[in-house]
Every structure is written in C-alpha cells, then in structure tokens.
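Colleague: Mind looking over this structure? Questions follow.
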Amino acid sequence: MNNVLVYCEIEEQKVADVSVELLSKGRKLADELKCKLEAVLIGENLDVFDKMVKPYGADIIYKAEDKRLYPYTTLPHTAIFENILEKSQPQIVLVGATSIGRDLAPRIASTLKCGLTADCTDLVIGDYTDAKSKTEYKNLLYQIRPAFGGNIVATIVNPETKPQMATVREGVMKREIVADDYNSEIISIDVKNILDKVNFAVKIIERHIEPRKVNLTGAQIIVCGGFGIGSKDGFAQLKDFAKTIGAEIGASRAAVDAGFAGHERQVGQTGVTVRPKLYIAVGISGAIQHTAGMEESSQIISINNDPEAPINQIADIAITGDWNSVIPKMAKYYREQSK
Amino acid sequence: MAFKIIVLAKQVPDTRNVGNDAMKADGTVNRSALPAIFNPDDLNALEQALQIKEKNPGSEIIILTMGPPRAADIIRESLYRNADKGYLITDRRFAGADTLATSYVISKAIEKIGKYDIILSGRQAIDGDTAQVGPQTAEKLNIPQITYAEEITSITKDKITVKRRLERGVEEVECTLPVLLTVHGSAKACRPKNAKLFMKYKHAKTPTELQTLDDDYLGQEIKNKAFLNIEEISLDDLDCDLVKIGLAGSPTKVKTIQNVVHTAKDSMKLEDNDDDIKSLMGELINNHTLG
C-alpha cells in the first residue's frame with residue numbers, strides 16, 4: 001500500500017508545529033486516498049514524542065533512534081530517511097519548509113530522482129491529463145504554491161515519479177486532533193547498519209537556539225505595521241497600541257527590510273502565514289506577497305492614507321487616514337469602552 | 001593554501017519590485033517589465049568566495065551560471081568584483097528544467113570544470129524561492145552540504161568552519177573539503193564593482209555575443225585576450241543523459257498558472273474621526289473580537 005508520509009522534525013524537545021500541522025493535512029489526504037498516514041521520527045530518546053504524534057492520526061510511526069541523530073545533520077538523516085522511504089514506498093511525502101526540511105527534502109528528491117515542490121500553500125488531490133501524450137493520471141497531489149514573488153499561483157504535479165514530495169511552511173495548514181488515544185503501530189529502524197556506512201562529514205561545534213519570543217501564528221489578534229510606519233520609533237508606538245488591545249505585533253517585508261522590525265515578525269509569503277481573529281494592517285499597501293500570508297484572517301481592518309491602497313480590497317473595514325492620528329483614537333476609545 | 005572555488009549564480013527577474021505593469025492583460029508575467037538582476041543571495045555567496053581569496057593568495061574563483069545568452073552579464077558583474085573566470089551554461093535544449101534537471105546539468109558542468117575545493121551558491125533565488133538547486137547539486141556530486149551559511153569562520157586544507165543562520169539561532173559546524181555551501185541573505189553584503197576591474201573586463205564576451213558584435217576590430221582584440229573570453233558550455237560539451245535534461249528530465253509539471261486577483265470585498269469605509277473610531281472600537285468589544 002502506498003501511504004502518505006510526514007517527516008516529523010524535532011526541536012527543543014518537542015515535535016515542531018509545522019510537522020503537527022502536516023500530520024493533520026496528511027490525515028485528510030490519506031482519508032481521501034483511502035490509505036494510511038505514516039510519521040517519521042529521527043533523533044534520540046524518542047519515546048516522549050510518540051504521544052505528540054499519535055493524536056493527529058498517524059497509523060504507523062517509524063522511529064530511528066541514536067544519539068548521533070540529534071541535533072539534525074544532513075547526511076545521517078538523509079541516509080535514515082532514504083531507508084525508511086524504501087521500506088514504506090509512500091505515494092506522498094510531506095516535509096516542513098524549515099531550515100531542516102529545506103536541507104533534507106531536496107537532497108532526498110535528488111537521490112530518488114523525484115519531483116519536489118517547495119513552500120506549498122495548499123495540497124489537493126485531483127486528476128491530471130498530460131497535454132502531449134494525453135495520458136491520464138488519477139488521484140495526483142496538486143501542489144499549489146505562489147511563484148514569481150507571489151504574483152502568480154502555480155499548481156504543480158509529479159505524474160511520473162513517486163513519491164510526490166512537497167514542503168510547506170509553518171502556519172499554512174491547520175492542526176486538528178483526531179483522537180488522544182489514536183492507535184499507532186510503531187516500527188523501529190535498525191539504525192546501526194545504516195549509520196556505519198554514513199559519512200559524518202559535518203560536525204556541530206556549537207549551537208545557540210533561542211526559545212521562540214514571537215508567536216505570530218498562535219496570536220488571535222495581530223497589529224501589523226508596514227513601510228508607512230516610517231521608523232523604529234513608529235513601531236514602538238504601534239507596539240504600545242498592540243499591548244493595549246492584547247495583540248501580537250507583525251511587520252511587512254518592506255518594514256523588515258527597512259530595519260523597522262525584526263525578521264521574526266515578518267508576515268507574508270516569505271515570512272509566516274497567519275490567520276488570526278482580527279488583523280489590523282497599519283500603513284501597509286498590500287503587495288500580493290504580503291496578502292498571501294494574511295488574507296485568511298477572520299476580520300481585516302486596514303488603516304491607510306491612500307483610499308485606493310490594494311489592501312483595502314481585502315479589508316472588511318478600511319479606515320482612511322494617517323495612522324499617527326487613527327491609532328491613538330483607537331487606543332483611547334478601546335480604553336474608554338472596555339471598562 | 002590556495003583554494004579553487006566555484007560560485008553558482010543566477011540571473012533573475014527582480015520580483016521584489018513588481019509594479020502594476022508586471023502582469024499582462026492575459027494574466028501572464030510580463031518579463032520585460034522586470035529588470036534582470038544578479039540573484040541577491042548569490043552576491044552574498046560571491047562575497048564569501050572573495051574573502052577566502054583575499055586571505056588565501058593564489059585562490060581562484062570560477063563563476064558558473066546557467067541561462068539564456070544574456071546571463072553572461074552575471075559573469076561580467078562577478079569579474080568586476082574580482083572573480084577570475086566564468087562559464088555560461090546555455091543551450092535551448094536545457095530549457096524548461098526544474099530544480100532536479102537543473103542540478104543535473106550544473107553537476108555535469110562542474111565535473112567538466114574539474115577539481116574544486118568549495119562550491120558556493122546563494123541559499124535561494126528570488127524567482128522561485130525553492131532553495132533546492134544547491135542541495136541537489138551536492139547530492140549529484142556526492143559531497144556534503146552546509147545550507148543557510150552566514151559566515152565562513154575558518155578554512156584550512158582539510159577543514160572548513162561555518163556559522164549557519166537558522167530560524168531561531170545560530171549553529172557552528174565544521175566539515176571536510178570538498179563541500180557545497182548555500183549562503184543566507186543575512187551574510188555580509190557583496191562589495192561593489194571595482195573601477196579598475198570594470199575597465200579591464202567591460203569587453204569580456206561570450207562566443208555568442210562576439211558573433212553579433214558589429215565592431216570587427218574590437219572583436220579581434222577580444223579574441224586575442226584570453227581573459228576577455230567567457231566560455232560557453234552547451235549540451236554538446238557535456239556528458240549528459242538526454243532523458244535527464246530540460247522539460248523531459250523534470251518530474252514536476254506545471255498544471256495551471258493563475259494570476260492572483262483579489263476580488264474586492266464589500267468593505268466598510270471609515271474616516272479618521274472620533275465618531276467612526278469610537279463606534280468601531282465599541283463594536284469590536286461588544287462582539288468579543290477584542291477582550
């Protein structure tokens with residue numbers, strides 16, 4: 001049986017958010033294809049991770065344990081992952097579009113000579129007819145992604161090669177628990193034989209991973225500033241407002257590039273994808289590469305000088321005015337009425 | 001110790017500055033409206049190469065690019081910054097390649113160029129943002145890779161030490177040579193063109209460009225100076241399996257392409273006055289959007 005398989009990344013003693021989101025997406029794809037969902041865990045002391053994977057509906061969990069497998073390094077992980085893929089023969093492989101996933105997935109796709117699509121924003125099952133040969137393919141994975149700086153959306157298929165591989169960024173798919181006590185079969189991989197043949201060329205000398213300070217994907221309310229904020233000081237003002245209303249603060253790529261805010265706050269195609277309850281876009285014109293990362297917010301308020309700004313096309317409420325004047329009013333009337 | 005360094009660079013449309021004229025009325029990309037530029041991350045990679053060369057006299061930097069004939073600009077831009085030599089892989093038969101077919105051809109070209117110590121490339125190109133060609137080239141050459149590199153902290157004849165920039169931190173790794181590095185955009189920016197080198201190399205041309213040169217005298221002058229000749233590599237120069245190149249060698253197929261069009265929502269328009277903002281905030285509190 002050709003199943004759907006998800007590579008689960010481990011960071012700071014937990015399964016990465018993006019991997020859990022992919023398990024949820026993988027579960028849906030497996031249901032539609034009437035096949036199983038498989039999860040792969042590679043690292044050390046893996047027992048604690050089972051319970052983080054099972055609830056998302058993994059039918060099979062492949063585990064490869066060795067102290068040489070944590071932290072991640074390219075060649076040992078690719079060797080183990082290749083071995084698992086050979087055993088599993090999945091039809092679909094999903095990997096997080098992280099610094100690990102984007103290191104591992106292309107190397108594996110090159111070995112297996114299969115197609116890989118980076119940074120997909122949607123994955124759908126569908127049929128495909130080759131324009132030239134007229135060959136029909138059933139139940140392929142449509143790998144949907146923005147291209148060309150977000151100005152177009154391309155649907156990619158890999159009709160001839162298996163597995164069909166895709167990477168997806170954090171925050172794009174929704175996590176959904178299937179059952180807390182979901183019954184998963186555990187398959188342990190004999191890593192020693194594989195690792196004996198591996199070139200441990202890369203050695204990690206030092207590692208400084210900071211705990212996550214900004215949690216944009218989990219925020220219910222986001223106040224996002226654009227280039228129109230004009231300065232770091234402007235962002236500090238915006239931060240005060242965000243704090244007042246209990247929001248997290250984000251920034252557009254233009255604002256990050258201009259140095260007004262850090263990379264970890266960037267919302268958009270090259271930053272994080274968010275879907276909060278309320279998104280307040282301040283001084284953001286609304287380039288497609290930005291809107292691609294926030295258009296699914298439940299409610300969007302835009303504040304812009306220019307009534308014709310593209311962001312207003314997707315906004316539920318468009319306030320025309322200078323943010324310097326609008327934001328203090330919003331803070332004032334929030335304080336007055338929330339008491 | 002002198003190192004032989006190959007830098008992979010790509011000419012890309014400048015997708016960061018897309019204006020309203022970027023899309024044609026039929027929804028296709030208007031490439032002519034976008035300037036062709038040196039892929040930003042690849043310039044960071046070139047700077048790392050230049051620093052190795054400065055600290056290790058006798059090192060050689062070879063630029064390798066793949067694309068249409070006009071991509072020779074990338075090689076000239078690199079020569080102006082003190083690269084030593086460049087090759088342009090160009091052949092219509094390579095067109096339509098995805099990352100797998102591209103990395104196959106690049107690896108074949110690298111094998112033809114010969115022995116090397118380090119291959120450097122940008123982490124990703126801004127036209128596709130895939131970050132796949134680097135790792136896939138390393139796999140084809142059967143050498144280790146270090147992605148997301150921010151700084152080469154030391155290099156000796158058998159060992160390179162590299163600082164990597166990850167999502168939430170840094171990692172310092174060491175590796176044996178040869179190795180392929182993909183360089184992150186946060187790495188040191190590339191130095192500007194050097195005026196002397198610009199004067200030296202401004203007439204550097206590929207054979208294709210020489211054919212269309214009107215000035216016979218200049219053409220002869222260029223041919224007489226080896227350093228002004230940019231080599232082209234075509235399919236005929238490489239030992240390629242034809243089923244692995246171009247569109248045929250690409251497992252990913254584009255099923256459809258859609259222009260992104262936002263259908264305007266029926267949005268509520270408010271003005272910057274006390275009444276409007278007061279009632280907005282009141283409503284957001286009343287419907288529990290704001291706590």
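Colleague: At 7 Å along Cα-to-Cβ for each site, give me the label-to-label distance between A:LYS232 and A:ASP316 in nm.
Modeller: Those two pseudo-labels are separated by 3.5 nm.
Colleague: Taking chain B as a Gaussian network, where each spring joins two C-alpha atoms under 10 Å apart, which residue of B:MET66, B:MET281, B:MET199 fluctuates the most?
Modeller: Taking springs between Cα atoms under 10 Å, the residue moving most is B:MET281.
Colleague: Now, a different point. Under 13 Å from the Cβ of B:ILE160, count the other residues' Cβ atoms, weight Lys and Arg +1, Asp and Glu -1, and hand me the total.
Modeller: Net charge around B:ILE160: +1.
Colleague: Moving on. Can you tell which of B:ASN194, B:ASN259, B:ASN39 shows the greatest fluctuation in a Gaussian network model of chain B with Cα springs below 10 Å?
Modeller: B:ASN259
Colleague: Take the alpha carbon atoms of the range B:216-291, find their center, do the same for the range A:174-206, and report the distance between the two centers in whole angstrom.
Modeller: Cα centroid of the range B:216-291 versus Cα centroid of the range A:174-206: 35 Å apart.
Colleague: Turning to a different aspect of this structure: Only bridges whose two residues both fall in the range A:81-213 count here: according to DSSP, what percent of them are antiparallel, nearest 5?
Modeller: Within the range A:81-213, antiparallel bridges account for around 60 percent of the total.
Colleague: Give the calculated FRET efficiency between A:LYS277 and A:THR129 to the nearest 0.05, with a Förster radius of 41 Å applied to their Cβ-Cβ distance.
Modeller: After rounding, the FRET efficiency stands at 0.50.
Colleague: When the helices in chain A are scored as -39500 (n - 2.57) per DSSP H run of 4 or longer and the sum is shared across all residues, what 222 nm value do you end up with, to the nearest 500 deg cm²/dmol?
Modeller: Per the formula, -8000 deg cm²/dmol.
Colleague: Continuing with this model, one more query. Could you work out how far apart the two model spin labels at B:SER154 and B:LEU197 are, taking each label as a point 7 Å from the Cα in the direction of the beta carbon, and quote it in nm?
Modeller: Simple spin-label model gives 2.7 nm for this pair.
Colleague: What is the extension gain from B:ASP215 to B:ARG168, computed as 0.36 nm multiplied by their sequence separation minus the C-alpha to C-alpha distance, in nm to one decimal?
Modeller: 11.4 nm
Colleague: Which residues' amide hydrogens lie under 5 Å from the amide hydrogen of A:GLY271, considering only partners 5 or more residues apart or on another chain, with H built in the peptide plane?
Modeller: Residues meeting the criterion, in which the H sits 1.01 Å from N, do not exist here.
Colleague: Additional query: Tell me, what is the percent relative contact order of chain B, built from C-alpha pairs under 8 Å that lie six or more residues apart?
Modeller: With pairs under 8 Å counted, the relative contact order is 22 percent.
Colleague: Could you work out Rg/(2.2 N^0.38 Å) for the range B:4-244, with Rg from alpha carbons only?
Modeller: Taking N as the residue count of the range B:4-244, the ratio is 1.02.
Colleague: Continuing with this model, one more query. Quick one: check the C-alpha center-to-center distance for the range A:1-66 versus the range A:310-335, whole angstrom.
Modeller: First find each Cα centre; the distance between them is then 42 Å.
Colleague: If you fit an axis through the alpha-carbon atoms of helix A:232-245 and take the longest principal axis of the Cα set of chain A, what angle between them do you get, 0 to 90°, nearest 10?
Modeller: Once rounded, the angle reads 90 degrees.
Colleague: Next up: Pairs A:LYS63/B:LYS163; B:LYS55/B:LYS244; B:LYS163/B:LYS193; A:LYS14/B:LYS278; B:LYS4/B:LYS225: which exceed 32 Å Cα-Cα?
Modeller: Violating the 32 Å Cα-Cα cut-off are B:LYS55/B:LYS244; A:LYS14/B:LYS278.
Colleague: Right, here's the next one. Would you calculate the convex hull of the Cα atoms in the range B:126-167 and tell me its volume per residue in Å³?
Modeller: Looking at the range B:126-167, the number lands at 94 Å³ per residue.
Colleague: Shifting gears a bit: Starting with the fewest neighbours, write out B:LEU280, B:LEU100 ranked by other beta-carbon atoms found within 10 Å of each beta-carbon.
Modeller: B:LEU280, B:LEU100
Colleague: Add +1 for every Lys or Arg and -1 for every Asp or Glu among the other residues with Cβ under 12 Å from the Cβ of A:ASN45, and state the total.
Modeller: Summing Lys/Arg as +1 and Asp/Glu as -1 gives -3.
Colleague: Holding the Cα-Cα limit at 22 Å, pick out from A:LYS113/B:LYS253; A:LYS28/A:LYS162; A:LYS28/A:LYS277; A:LYS36/A:LYS277; A:LYS34/A:LYS192 the pairs that are longer than that.
Modeller: Result: A:LYS28/A:LYS277; A:LYS36/A:LYS277; A:LYS34/A:LYS192 exceed 22 Å.
Colleague: Tell me which DSSP H helices of chain B clear both cut-offs, 20 Å or more of axial length from alpha-carbon atoms and a mean Kyte-Doolittle hydropathy of at least 0.0.
Modeller: Length and hydropathy pass: B:99-113.
Colleague: Quick one: Debye curve from the alpha-carbon atoms of chain A only, equal weights, vacuum; give me log10 I(q)/I(0) at q = 0.08, 0.09, 0.13 Å⁻¹ to two decimals.
Modeller: -0.45, -0.56, -1.01
Colleague: Could you calculate the contour length gain from A:GLU206 to A:GLU296, that is, 0.36 nm times the residue separation minus the distance between their Cα atoms, to one decimal place in nm?
Modeller: 28.5 nm
Colleague: Let me ask something else. Compute the distance in nm between two label points, each set 7 Å from the Cα along the Cα-to-Cβ direction, one at A:ASP47 and one at B:MET1.
Modeller: 4.5 nm
Colleague: Follow-up question, since we're still on this one. Given R₀ = 30 Å, FRET efficiency for A:ASN199-A:GLU86 by Cβ-Cβ distance, to 0.05?
Modeller: E(calc), rounded to 0.05, equals 0.95.
Colleague: Same structure, new question: Starting from the Cα gyration tensor of the range A:221-338, multiply each eigenvalue by 5, take the square root, and state the resulting semi-axes largest first in whole Å.
Modeller: Taking √(5λ) for each eigenvalue gives 19, 16, 14 Å, largest first.
Colleague: While we're on this one: Calculate for chain B the 222 nm mean residue ellipticity that helices alone would give, adding -39,500 (n - 2.57) per DSSP H run of length 4 or more and normalising by residue count, nearest 500 deg cm²/dmol.
Modeller: Result for chain B, helices only: -8500 deg cm²/dmol.
Colleague: Right, another one. For the protein assembly as shown, what is the largest minus smallest coordinate of the Cα atoms on each principal axis, given in angstrom and ordered from greatest to least?
Modeller: The Cα atoms of the protein assembly as shown stretch 81, 62, 54 Å along their principal axes.
Colleague: Give me the angle, in degrees from 0 to 90, between the Cα long axis of helix A:74-88 and the longest principal axis of the Cα atoms of chain A, rounded to the nearest 10.
Modeller: It works out to around 60 degrees.
Colleague: How much of the DSSP bridge set in the range B:4-244 is antiparallel, in percent, rounded to the nearest 5?
Modeller: Of the beta bridges lying entirely in the range B:4-244, close to 35 percent run antiparallel.
Since every read-out is calculated from the coordinates, none of them should be taken as a lab result. Owing to the predicted nature of the structure, the values given are computational and were not obtained by experimental measurement. Cβ atoms come from the backbone with ideal geometry, glycine included; neighbour counts cover every protein chain shown.
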